[in-house]
Amino acid sequence: MATANIDARLAKWIEVLIESRWAALVLDAENRIVWVSNELQGFLGEHDPERLGVGKHVAAALMSEAWLHTITPESAIALFNDAMPLLFDTVPGGPKEFAKTVPPQFSSLFTTMTAKPQPDIFTGRFDYRQGDLDPYEVRFLIARMRDTDGTPVGSIGLTYMGLRPTLVSLLARGDEAMYERMAHLVEPGRRQAAILFADLQDSGDLSRRLPTPRYFELIRTLSTRFDQSVAAHGGVVGKHAGDGMTAFFISLSDAHAGAAACGALRTARDLQRWADELTEHFGNALPFRLRVNVAVHWGSNLYMGQIVPGGRLDVSALGDEVNECARLQESTRDRAIAVSKTFAELLPPDDAARLGVDLGSVLYEPLAKLPGVSEKAVRDAGTLAVARL
(Lines give C-alpha, C1' and ligand atoms only; values in the text may rest on other atoms or scores of the structure.)
Protein backbone atom coordinates (compact mmCIF):
# COMPACT_ATOMS: atom_id res chain seq x y z
CA MET A 1 0.00 0.00 0.00
CA ALA A 2 1.62 3.26 -1.10
CA THR A 3 0.95 6.75 -2.40
CA ALA A 4 1.09 7.45 -6.11
CA ASN A 5 4.21 8.94 -7.69
CA ILE A 6 6.65 7.69 -5.07
CA ASP A 7 10.22 8.94 -5.29
CA ALA A 8 12.20 6.31 -7.20
CA ARG A 9 14.79 6.18 -4.42
CA LEU A 10 12.11 5.37 -1.85
CA ALA A 11 10.56 2.83 -4.20
CA LYS A 12 13.80 0.83 -4.19
CA TRP A 13 13.75 0.69 -0.41
CA ILE A 14 10.11 -0.40 -0.48
CA GLU A 15 10.98 -3.30 -2.80
CA VAL A 16 13.62 -4.48 -0.35
CA LEU A 17 11.25 -4.18 2.61
CA ILE A 18 8.50 -6.10 0.81
CA GLU A 19 10.89 -8.97 0.18
CA SER A 20 12.14 -9.00 3.76
CA ARG A 21 8.58 -9.02 5.18
CA TRP A 22 9.27 -6.44 7.87
CA ALA A 23 6.40 -4.77 9.69
CA ALA A 24 7.52 -1.42 8.35
CA LEU A 25 6.59 1.97 6.95
CA VAL A 26 8.32 4.50 4.70
CA LEU A 27 8.17 8.29 5.08
CA ASP A 28 9.09 10.92 2.52
CA ALA A 29 11.46 13.81 3.18
CA GLU A 30 8.63 15.73 4.92
CA ASN A 31 7.84 12.73 7.15
CA ARG A 32 4.59 11.94 5.38
CA ILE A 33 3.64 8.29 5.18
CA VAL A 34 4.10 6.96 1.65
CA TRP A 35 3.94 3.20 2.30
CA VAL A 36 2.80 0.74 4.99
CA SER A 37 3.79 -2.93 4.68
CA ASN A 38 1.23 -5.73 4.63
CA GLU A 39 2.73 -7.07 7.85
CA LEU A 40 2.27 -3.75 9.65
CA GLN A 41 -1.27 -3.48 8.29
CA GLY A 42 -1.93 -6.91 9.80
CA PHE A 43 -0.71 -5.76 13.21
CA LEU A 44 -2.91 -2.70 13.01
CA GLY A 45 -5.90 -4.64 11.73
CA GLU A 46 -6.45 -1.92 9.14
CA HIS A 47 -5.91 -1.95 5.37
CA ASP A 48 -7.62 1.24 4.23
CA PRO A 49 -4.98 3.79 3.07
CA GLU A 50 -7.02 6.77 4.23
CA ARG A 51 -7.54 5.41 7.73
CA LEU A 52 -3.87 4.49 7.93
CA GLY A 53 -2.96 8.08 7.09
CA VAL A 54 -1.10 7.37 3.87
CA GLY A 55 -0.14 10.75 2.43
CA LYS A 56 -0.36 12.50 5.82
CA HIS A 57 2.36 13.53 8.23
CA VAL A 58 3.22 10.57 10.44
CA ALA A 59 2.21 12.51 13.56
CA ALA A 60 -1.32 13.02 12.19
CA ALA A 61 -1.54 9.32 11.35
CA LEU A 62 -0.42 8.27 14.80
CA MET A 63 -3.18 10.39 16.33
CA SER A 64 -5.84 8.39 14.47
CA GLU A 65 -7.79 5.49 15.93
CA ALA A 66 -6.24 3.08 13.41
CA TRP A 67 -2.90 3.46 15.20
CA LEU A 68 -3.85 4.47 18.72
CA HIS A 69 -6.08 1.46 19.39
CA THR A 70 -3.05 -0.85 19.14
CA ILE A 71 -0.96 1.04 21.72
CA THR A 72 -1.56 1.14 25.47
CA PRO A 73 -2.37 4.65 26.77
CA GLU A 74 0.75 4.74 28.94
CA SER A 75 3.13 3.87 26.12
CA ALA A 76 1.27 6.23 23.74
CA ILE A 77 2.08 9.11 26.11
CA ALA A 78 5.72 8.03 26.36
CA LEU A 79 5.93 7.67 22.58
CA PHE A 80 4.44 11.11 22.11
CA ASN A 81 6.88 12.74 24.52
CA ASP A 82 10.02 10.92 23.35
CA ALA A 83 9.65 10.38 19.61
CA MET A 84 7.17 12.92 18.31
CA PRO A 85 9.37 16.05 18.80
CA LEU A 86 11.96 14.45 16.48
CA LEU A 87 9.57 14.39 13.51
CA PHE A 88 8.83 18.11 13.10
CA ASP A 89 12.03 19.67 11.82
CA THR A 90 10.65 19.37 8.28
CA VAL A 91 7.28 21.02 9.08
CA PRO A 92 7.09 24.77 8.37
CA GLY A 93 6.17 26.51 11.60
CA GLY A 94 6.91 23.37 13.60
CA PRO A 95 4.46 21.75 16.03
CA LYS A 96 2.52 24.96 16.71
CA GLU A 97 1.59 25.36 13.05
CA PHE A 98 0.92 21.64 12.75
CA ALA A 99 -1.52 21.89 15.68
CA LYS A 100 -3.91 23.79 13.40
CA THR A 101 -4.28 20.74 11.14
CA VAL A 102 -5.27 18.10 13.72
CA PRO A 103 -8.60 17.55 15.53
CA PRO A 104 -9.23 19.99 18.40
CA GLN A 105 -8.77 17.34 21.11
CA PHE A 106 -5.15 16.89 20.00
CA SER A 107 -4.14 20.44 19.06
CA SER A 108 -3.10 21.45 22.60
CA LEU A 109 -0.59 18.61 22.66
CA PHE A 110 1.38 20.19 19.83
CA THR A 111 1.15 23.87 20.81
CA THR A 112 3.39 23.22 23.82
CA MET A 113 5.80 20.89 22.04
CA THR A 114 9.35 21.92 21.14
CA ALA A 115 10.72 20.36 17.97
CA LYS A 116 14.12 18.69 18.09
CA PRO A 117 16.49 17.92 15.21
CA GLN A 118 15.74 14.50 13.74
CA PRO A 119 18.77 12.22 14.11
CA ASP A 120 19.64 9.93 11.26
CA ILE A 121 18.77 6.96 13.48
CA PHE A 122 16.65 6.75 16.60
CA THR A 123 14.87 3.95 18.43
CA GLY A 124 12.02 3.57 20.87
CA ARG A 125 9.40 1.22 22.23
CA PHE A 126 5.68 0.87 22.93
CA ASP A 127 3.34 -1.74 24.33
CA TYR A 128 1.26 -3.35 21.57
CA ARG A 129 -2.23 -4.56 22.40
CA GLN A 130 -4.73 -6.65 20.47
CA GLY A 131 -8.30 -6.79 21.72
CA ASP A 132 -8.45 -7.90 25.34
CA LEU A 133 -5.18 -9.86 25.19
CA ASP A 134 -2.26 -8.87 27.40
CA PRO A 135 0.01 -6.30 25.70
CA TYR A 136 3.64 -7.02 24.81
CA GLU A 137 6.63 -4.86 24.05
CA VAL A 138 7.43 -3.77 20.51
CA ARG A 139 10.58 -1.88 19.62
CA PHE A 140 11.07 0.34 16.58
CA LEU A 141 13.89 1.94 14.64
CA ILE A 142 13.56 5.03 12.43
CA ALA A 143 16.44 5.54 9.97
CA ARG A 144 16.71 8.61 7.76
CA MET A 145 17.89 8.03 4.20
CA ARG A 146 19.97 10.61 2.37
CA ASP A 147 20.95 11.23 -1.24
CA THR A 148 24.60 11.18 -2.31
CA ASP A 149 24.83 14.91 -1.60
CA GLY A 150 23.48 14.45 1.94
CA THR A 151 19.95 15.71 1.24
CA PRO A 152 17.27 13.80 3.19
CA VAL A 153 15.19 11.58 0.91
CA GLY A 154 12.93 10.05 3.52
CA SER A 155 12.93 7.58 6.40
CA ILE A 156 12.17 3.94 6.99
CA GLY A 157 10.56 2.68 10.18
CA LEU A 158 11.02 -0.93 11.29
CA THR A 159 9.23 -2.65 14.16
CA TYR A 160 10.21 -5.84 15.92
CA MET A 161 9.21 -7.72 19.05
CA GLY A 162 11.07 -6.76 22.19
CA LEU A 163 12.63 -10.23 22.57
CA ARG A 164 16.19 -11.45 22.30
CA PRO A 165 16.94 -13.23 19.00
CA THR A 166 17.69 -16.43 20.91
CA LEU A 167 14.07 -16.45 22.12
CA VAL A 168 12.61 -15.57 18.74
CA SER A 169 14.61 -18.46 17.26
CA LEU A 170 12.46 -20.89 19.28
CA LEU A 171 9.43 -19.70 17.33
CA ALA A 172 11.32 -19.71 14.03
CA ARG A 173 11.88 -23.47 14.30
CA GLY A 174 8.14 -24.09 13.96
CA ASP A 175 6.05 -24.38 10.82
CA GLU A 176 5.07 -20.94 9.53
CA ALA A 177 1.94 -22.10 7.71
CA MET A 178 0.63 -23.78 10.88
CA TYR A 179 1.37 -20.64 12.89
CA GLU A 180 -0.69 -18.70 10.38
CA ARG A 181 -3.58 -21.11 10.90
CA MET A 182 -3.19 -20.77 14.67
CA ALA A 183 -3.22 -16.98 14.38
CA HIS A 184 -6.75 -17.16 12.97
CA LEU A 185 -7.83 -18.85 16.21
CA VAL A 186 -6.83 -16.00 18.52
CA GLU A 187 -10.47 -14.95 18.38
CA PRO A 188 -12.52 -17.97 19.55
CA GLY A 189 -15.44 -19.06 17.41
CA ARG A 190 -17.49 -21.91 15.98
CA ARG A 191 -15.68 -24.17 13.51
CA GLN A 192 -15.94 -27.67 12.09
CA ALA A 193 -12.88 -29.89 12.24
CA ALA A 194 -11.45 -33.37 12.43
CA ILE A 195 -10.28 -34.16 15.97
CA LEU A 196 -7.27 -36.40 16.59
CA PHE A 197 -6.20 -37.77 19.97
CA ALA A 198 -3.16 -40.04 20.31
CA ASP A 199 -1.37 -41.68 23.20
CA LEU A 200 1.61 -43.97 23.77
CA GLN A 201 0.36 -47.24 25.24
CA ASP A 202 1.96 -48.41 28.52
CA SER A 203 3.94 -45.20 28.78
CA GLY A 204 3.93 -45.42 32.58
CA ASP A 205 5.67 -48.79 32.48
CA LEU A 206 8.05 -47.48 29.84
CA SER A 207 8.98 -44.41 31.89
CA ARG A 208 9.75 -46.56 34.93
CA ARG A 209 11.97 -48.97 33.02
CA LEU A 210 13.93 -46.53 30.84
CA PRO A 211 16.53 -44.06 32.13
CA THR A 212 14.79 -40.68 32.44
CA PRO A 213 16.98 -38.92 29.78
CA ARG A 214 16.31 -41.80 27.37
CA TYR A 215 12.56 -41.68 27.97
CA PHE A 216 12.55 -37.90 27.54
CA GLU A 217 14.39 -38.26 24.22
CA LEU A 218 11.80 -40.77 23.06
CA ILE A 219 8.82 -38.57 23.96
CA ARG A 220 10.43 -35.45 22.50
CA THR A 221 11.21 -37.21 19.21
CA LEU A 222 7.71 -38.64 18.90
CA SER A 223 6.07 -35.31 19.78
CA THR A 224 8.27 -33.38 17.36
CA ARG A 225 7.44 -35.72 14.50
CA PHE A 226 3.76 -35.52 15.38
CA ASP A 227 3.84 -31.71 15.23
CA GLN A 228 5.63 -31.84 11.88
CA SER A 229 3.05 -34.22 10.45
CA VAL A 230 0.13 -32.13 11.69
CA ALA A 231 1.66 -29.06 10.07
CA ALA A 232 2.39 -30.87 6.81
CA HIS A 233 -1.19 -32.13 6.55
CA GLY A 234 -2.91 -28.80 7.20
CA GLY A 235 -3.74 -29.12 10.90
CA VAL A 236 -3.02 -27.24 14.09
CA VAL A 237 -1.44 -28.78 17.16
CA GLY A 238 -3.51 -28.93 20.31
CA LYS A 239 -2.24 -29.26 23.85
CA HIS A 240 0.52 -31.75 24.67
CA ALA A 241 0.14 -33.49 28.01
CA GLY A 242 2.95 -35.93 28.76
CA ASP A 243 2.91 -38.52 25.99
CA GLY A 244 -0.59 -37.49 24.87
CA MET A 245 -1.02 -35.62 21.59
CA THR A 246 -3.92 -33.64 20.15
CA ALA A 247 -4.55 -31.98 16.80
CA PHE A 248 -7.37 -30.35 14.87
CA PHE A 249 -7.84 -30.22 11.12
CA ILE A 250 -10.17 -27.34 10.42
CA SER A 251 -12.58 -27.26 7.52
CA LEU A 252 -13.43 -23.80 6.25
CA SER A 253 -16.46 -25.13 4.38
CA ASP A 254 -18.42 -28.33 3.82
CA ALA A 255 -16.58 -28.78 0.53
CA HIS A 256 -13.28 -28.80 2.43
CA ALA A 257 -14.35 -31.38 5.02
CA GLY A 258 -13.00 -34.34 3.05
CA ALA A 259 -9.55 -32.76 2.76
CA ALA A 260 -9.50 -32.02 6.49
CA ALA A 261 -10.47 -35.60 7.28
CA CYS A 262 -7.72 -36.93 5.00
CA GLY A 263 -5.17 -34.73 6.74
CA ALA A 264 -6.12 -36.24 10.08
CA LEU A 265 -5.94 -39.81 8.80
CA ARG A 266 -2.56 -39.20 7.14
CA THR A 267 -1.24 -37.92 10.46
CA ALA A 268 -2.57 -41.03 12.23
CA ARG A 269 -0.78 -43.24 9.68
CA ASP A 270 2.42 -41.23 10.14
CA LEU A 271 2.29 -41.76 13.90
CA GLN A 272 2.06 -45.52 13.51
CA ARG A 273 4.96 -45.56 11.06
CA TRP A 274 7.11 -43.40 13.32
CA ALA A 275 6.39 -45.60 16.32
CA ASP A 276 7.77 -48.53 14.32
CA GLU A 277 10.80 -46.50 13.22
CA LEU A 278 11.53 -45.39 16.78
CA THR A 279 11.23 -48.98 17.98
CA GLU A 280 13.96 -49.92 15.51
CA HIS A 281 16.04 -46.84 16.37
CA PHE A 282 16.05 -47.50 20.12
CA GLY A 283 16.42 -51.22 19.60
CA ASN A 284 17.32 -53.26 22.67
CA ALA A 285 16.99 -50.17 24.87
CA LEU A 286 13.22 -50.67 24.75
CA PRO A 287 11.58 -53.40 26.84
CA PHE A 288 8.81 -53.83 24.22
CA ARG A 289 7.66 -52.41 20.90
CA LEU A 290 6.16 -48.93 20.90
CA ARG A 291 2.42 -48.82 20.34
CA VAL A 292 0.66 -45.54 19.61
CA ASN A 293 -3.13 -45.61 19.72
CA VAL A 294 -5.01 -42.99 17.75
CA ALA A 295 -8.66 -41.90 17.71
CA VAL A 296 -10.16 -39.61 15.08
CA HIS A 297 -13.62 -38.04 15.22
CA TRP A 298 -15.45 -35.17 13.54
CA GLY A 299 -16.79 -32.07 15.25
CA SER A 300 -19.36 -30.13 13.24
CA ASN A 301 -19.77 -27.24 15.67
CA LEU A 302 -16.68 -26.98 17.87
CA TYR A 303 -15.88 -23.84 19.79
CA MET A 304 -12.20 -23.31 19.05
CA GLY A 305 -9.56 -20.82 20.06
CA GLN A 306 -6.56 -20.21 22.26
CA ILE A 307 -7.39 -21.15 25.83
CA VAL A 308 -4.31 -19.35 27.21
CA PRO A 309 -3.49 -16.82 24.46
CA GLY A 310 -0.73 -14.95 26.29
CA GLY A 311 2.63 -16.30 25.17
CA ARG A 312 1.45 -19.72 23.98
CA LEU A 313 0.81 -21.09 20.53
CA ASP A 314 -1.46 -24.04 21.18
CA VAL A 315 -5.18 -24.16 20.65
CA SER A 316 -8.04 -26.11 22.09
CA ALA A 317 -11.64 -26.90 21.32
CA LEU A 318 -14.77 -27.39 23.35
CA GLY A 319 -17.68 -29.58 22.36
CA ASP A 320 -19.26 -32.97 22.93
CA GLU A 321 -17.27 -34.46 20.05
CA VAL A 322 -13.98 -33.55 21.77
CA ASN A 323 -15.01 -35.52 24.86
CA GLU A 324 -16.20 -38.40 22.69
CA CYS A 325 -12.88 -38.53 20.84
CA ALA A 326 -10.98 -38.57 24.14
CA ARG A 327 -13.09 -41.50 25.37
CA LEU A 328 -12.56 -43.32 22.07
CA GLN A 329 -8.81 -42.91 22.33
CA GLU A 330 -8.82 -44.20 25.92
CA SER A 331 -10.70 -47.29 24.69
CA THR A 332 -8.25 -48.01 21.87
CA ARG A 333 -5.46 -50.55 22.40
CA ASP A 334 -2.62 -52.40 20.73
CA ARG A 335 -1.49 -50.02 18.00
CA ALA A 336 -4.95 -49.16 16.67
CA ILE A 337 -6.42 -46.31 14.70
CA ALA A 338 -10.06 -45.97 15.71
CA VAL A 339 -12.42 -43.67 13.84
CA SER A 340 -16.00 -42.61 14.28
CA LYS A 341 -18.52 -43.34 11.56
CA THR A 342 -19.17 -39.59 11.27
CA PHE A 343 -15.50 -39.02 10.48
CA ALA A 344 -14.99 -41.99 8.16
CA GLU A 345 -17.93 -41.12 5.93
CA LEU A 346 -16.38 -37.72 5.19
CA LEU A 347 -13.36 -39.36 3.55
CA PRO A 348 -13.48 -39.21 -0.26
CA PRO A 349 -13.47 -42.87 -1.43
CA ASP A 350 -10.42 -42.50 -3.69
CA ASP A 351 -8.38 -40.76 -1.00
CA ALA A 352 -9.48 -43.32 1.57
CA ALA A 353 -8.34 -46.15 -0.72
CA ARG A 354 -4.93 -44.55 -1.11
CA LEU A 355 -4.71 -44.47 2.68
CA GLY A 356 -5.54 -48.17 2.90
CA VAL A 357 -9.21 -47.85 3.84
CA ASP A 358 -11.98 -49.64 1.94
CA LEU A 359 -15.00 -47.65 3.05
CA GLY A 360 -17.39 -50.26 1.67
CA SER A 361 -16.09 -52.97 3.98
CA VAL A 362 -15.74 -51.03 7.23
CA LEU A 363 -17.97 -52.40 10.00
CA TYR A 364 -18.94 -50.20 12.94
CA GLU A 365 -20.02 -51.01 16.47
CA PRO A 366 -21.01 -48.93 19.48
CA LEU A 367 -18.05 -47.77 21.53
CA ALA A 368 -19.65 -49.45 24.56
CA LYS A 369 -18.94 -52.87 23.01
CA LEU A 370 -15.19 -52.36 22.66
CA PRO A 371 -13.16 -54.70 24.90
CA GLY A 372 -12.04 -53.16 28.19
CA VAL A 373 -14.05 -49.96 27.75
CA SER A 374 -14.39 -47.90 30.94
CA GLU A 375 -17.61 -46.83 32.62
CA LYS A 376 -16.72 -43.22 31.90
CA ALA A 377 -16.33 -43.96 28.18
CA VAL A 378 -19.67 -45.77 28.12
CA ARG A 379 -21.33 -42.86 29.90
CA ASP A 380 -19.84 -40.17 27.66
CA ALA A 381 -19.76 -41.89 24.26
CA GLY A 382 -21.22 -45.38 24.61
CA THR A 383 -23.49 -45.14 21.54
CA LEU A 384 -20.84 -43.61 19.26
CA ALA A 385 -20.46 -45.77 16.16
CA VAL A 386 -16.76 -46.57 15.72
CA ALA A 387 -14.46 -48.83 13.75
CA ARG A 388 -10.83 -49.91 13.96
CA LEU A 389 -8.85 -49.37 10.75
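The values are calculated or read from the model by the stated rules, or taken from the named source; none is laboratory data. These numbers were taken from a predicted model, which means no experiment stands behind them. Cβ atoms come from the backbone with ideal geometry, glycine included; neighbour counts cover every protein chain shown. Note: areas computed on protein heavy atoms with side chains; ligands, DNA, RNA excluded. Shrake-Rupley method; radii C 1.70, N 1.55, O 1.52, S 1.80 Å.
Residue by residue, here is whether (1) out of contact with any Phe, Trp or Tyr (no Cβ under 8 Å at 6 or more places or on another chain); (2) among the polar types (S, T, N, Q); (3) modelled with pLDDT under 90 holds:
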site: 67; (1), (2), (3): yes, no, no
site: 84; (1), (2), (3): yes, no, yes
site: 87; (1), (2), (3): yes, no, yes
site: 98; (1), (2), (3): no, no, yes
site: 119; (1), (2), (3): yes, no, no
site: 122; (1), (2), (3): yes, no, no
site: 134; (1), (2), (3): yes, no, yes
Does residue 204 count as in a helix (DSSP H, G or I) and either open to solvent by less than 40 Å² (accessible area, probe 1.4 Å) or in contact with a Ser or Thr (Cβ under 8 Å, 6 or more places away or on another chain) (or both)?
yes
Per the list (1) open to solvent by less than 60 Å² (accessible area, probe 1.4 Å); (2) touching a Pro at 6+ places or on another chain (Cβ under 9 Å); (3) touching a residue at least 60 places away in the same chain (Cβ under 8 Å), residue check on residue 331 breaks on (3)
So which residues in region 29-51 are open to solvent by less than 20 Å² (accessible area, probe 1.4 Å) and in contact (Cβ under 8 Å) with a residue 60 or more places away in the chain, if there are any at all?
31, 34, 40
Filter region 256-289 down to the residues that are of a type in the set (A, V, I, L, M) and either more than 28 Å from residue 193 (Cα to Cα) or assigned to a strand (DSSP E or B) (or both) and list them by number.
278, 285, 286
So residue 54 passes all but one of these: (1) buried (at least 18 other Cβ atoms within 10 Å of the Cβ); (2) out of contact with any Gly (no Cβ under 9 Å at 6 or more places or on another chain); (3) part of a helix (DSSP H, G or I). Which condition number does it fail?
(3)
Going through region 100-132 in order, the residues found to be open to solvent by 50 Å² or more (accessible area, probe 1.4 Å), over 21 Å from residue 31 (Cα atoms) and either outside any helix (DSSP H, G or I) or among the acidic types (Asp, Glu) (or both) are 129, 130, 131, 132
One residue is enough: does region 18-26 have a residue meeting the conditions open to solvent by 10 Å² or more (accessible area, probe 1.4 Å), more than 26 Å from residue 129 (Cβ to Cβ) and modelled with pLDDT under 95?
yes
Taking only pairs six or more apart or across chains, which ones have beta-carbon atoms under 7 Å, a first residue in region 57-85 that is in contact (Cβ under 8 Å) with a residue 12 or more places away in the chain, and a second residue that is open to solvent by 20 Å² or more (accessible area, probe 1.4 Å) and acidic (Asp, Glu)?
66/46; 71/127; 72/127; 75/127
Matching residues in region 38-65 - criterion: being within 15 Å of residue 140 (Cβ to Cβ), over 29 Å from the mean Cα position of the chain (by Cα) and at pLDDT 90 or above:
58
Being farther than 28 Å from residue 107 by Cβ and among the hydrophobic types (A, V, I, L, M, F, W, C): is that true of residue 24 here?
yes
Taking only pairs six or more apart or across chains, which ones have beta-carbon atoms under 6 Å, a first residue in region 118-139 that is without any contact (Cβ under 8 Å) to a residue 24 or more places away in the chain, and a second residue that is of a type in the set (A, V, I, L, M) and in a strand (DSSP E or B)?
121/143; 123/141
